[in-house]
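J.: Mind looking over this structure? Questions follow.
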Amino acid sequence: MKNNKSISYALLTTIFILLTTFSASALQMNPLSLVLKPSGGGAKQSVTVSNPSNEPIAVQFSVTTRQQLNNKEIRHPADNDFMIYPPQMIIPPRSTQKVRVEWLGAAKLPREKAYRLIAEQVFVSLDNKDQTGVKMLMTLVGALYVQPNGMKSNLNVTAVKRHGNKLAVTVVNNGNRHRLMKYATLILRNGNQTISLKGKQIAGLGGNNVLAGSTKRFMIPMPKGFRDGAWKAQLKIPQ
């Protein structure tokens, strides 16, 4: 019993150290989703980066492309498409700093382009003391879009199939702008049978994002009353 208590105490101590270190390594960025215009004043905006901890932190920024392919997100470096100023910074304890993001690409685009804005906390020794203990450095990944005026999404459900004990729903965005499926309702029809699903009934689909020109397949809980057959589906999303 004594050994068990010792193990429990050691485990709790370890968890406490990890949580304390995590808190000391905090990093926040607002907003986490940024929309730029390809030209004009909207081609540059700022994000606020905060350090709520009691220690200074060093942060570096980068941008990658963002593609949805076979339900995976593909990224490639895209720093040359943007100017980020400053590209690195040291944020004092309990303070915030601004970072400017400016589009450097074409002034005219046929459709919205999607990127990732990444803020990565890096370890930099700011004194000559020996650095000991567990260090958990954070990375924040934000959404970044370059969006011309007049862009619209166009979501269509192209397939609904049983997949084990789940229902596979394939969604295509034929539009030129991304779309978050927030507060979505999925309506299934097969002959005279209609099934309307929302909220937890479409967990795995609701709230997800489909980029312009992309196709994604989502797994949702098997609806009650579903039987194999030729189903047609429609997504309704509030504007």
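J.: Starting at the first residue of segment 175-186, write each ³J(HN,Hα) from the Karplus equation 6.51 cos²θ - 1.76 cosθ + 1.60 with θ = phi - 60°, in whole Hz, x for Gly and Pro.
T.: Once rounded to whole Hz, the list reads x, 10, 8, 5, 8, 7, 8, 7, 6, 6, 10, 9.
J.: Another question, then. Students often get this wrong, so check it: of LYS113/LYS232; LYS72/LYS98; LYS166/LYS198; LYS72/LYS224; LYS216/LYS236, which have C-alpha atoms separated by over 27 Å?
T.: Pairs exceeding 27 Å: LYS113/LYS232; LYS72/LYS98; LYS72/LYS224.
A short reminder: the numbers here are calculations on the coordinates, not readings from a lab. The model shown is predicted, which means the values in this text are computed figures rather than measured ones.
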